1. Mind pulling the per residue volume of the convex hull built on the Cα atoms of the chain? Å³ is fine.
2. Please arrange Thr88, Thr43 by accessible surface area, largest first, computed with a 1.4 Å probe and ligands excluded.
3. Going by alpha carbons, how many degrees (0 to 90, nearest 10) lie between the helix axis of 73-82 and the longest principal axis of the chain?
4. Can you tell me the order of 72-82, 8-18 when each peptide is scored by its average per-residue count of other Cβ atoms within 10 angstrom, highest first?
5. Given a 1.4 Å probe and heavy atoms of the protein chains only, how would you sort Ile49, Ile66, largest accessible area at the top?
6. So what is the 222 nm mean residue ellipticity for the chain from helices alone, if each DSSP H run of at least 4 adds -39500 (n - 2.57) and you divide by all residues, rounding to the nearest 500 deg cm²/dmol?
7. Identify the residues of region 89-132 with backbone N under 19 Å of a label point that sits 7 angstrom from the Cα of Glu74 along the Cα-to-Cβ direction, or state none.
8. Considering only protein heavy atoms and a 1.4 Å probe, what is the carbon-and-sulfur percentage of the accessible area of the chain?
Amino acid sequence: VDARADRVRHLRETGAAVFYGDASRRELLASLGADHAVALVVTMDRSEIVVDVVRAARAAWPELPIHVRVRDEEHARSLLDAGATQVTLEMTEVSLQMGQALLIDLGVPDEAARGLVADRREAARLMVRGPA
């Protein structure tokens, strides 16, 4: 879903299944099947709109898992407060993936590298969310 008509037109020309509209409108999300969705994934760049989308979806579908890509910890906290189920810090996740690949390239066994990265991922999650 995108609110920029020019981008929607371009993406449709490439064959993408994209819809024009305001994703913070419950009616639009419902018309796209949110009533039957198993999850909602939000990857929008404009942080102020993302909060509106999460609030609208959470109000309409209290049990729906909502996963959101975010740029920083402050935005992550605001989205968790708005009802996001899970936030993924964009730069942190990319850094963790690169770090894991580097460890493996340097000879660290795969399982050990995955374990180290999993520990760092959990530490980053706790920094944003706080202890469960």
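1. Convex hull volume per residue, Cα atoms: 140 Å³.
2. Highest to lowest solvent-accessible surface, that is Thr43, Thr88.
3. So the helix axis and the longest Cα principal axis differ by about 50 degrees.
4. By packing density, highest mean first, the sequence is 72-82, 8-18.
5. Reading off the accessible areas and sorting them downward yields Ile49, Ile66.
6. Mean residue ellipticity, 222 nm, calculated: -18000 deg cm²/dmol.
7. 89-92, 127-130
8. 55 percent
The values are calculated or read from the model by the stated rules, or taken from the named source; none is laboratory data. Because the structure is a prediction, the values reported are computed rather than measured. Here the Cβ is made from the backbone with ideal geometry for all residues, glycine too, and neighbour counts use every protein chain on show. These accessible areas exclude ligands, DNA and RNA; they are computed on the full protein's heavy atoms, side chains included. Shrake-Rupley method; radii C 1.70, N 1.55, O 1.52, S 1.80 Å.
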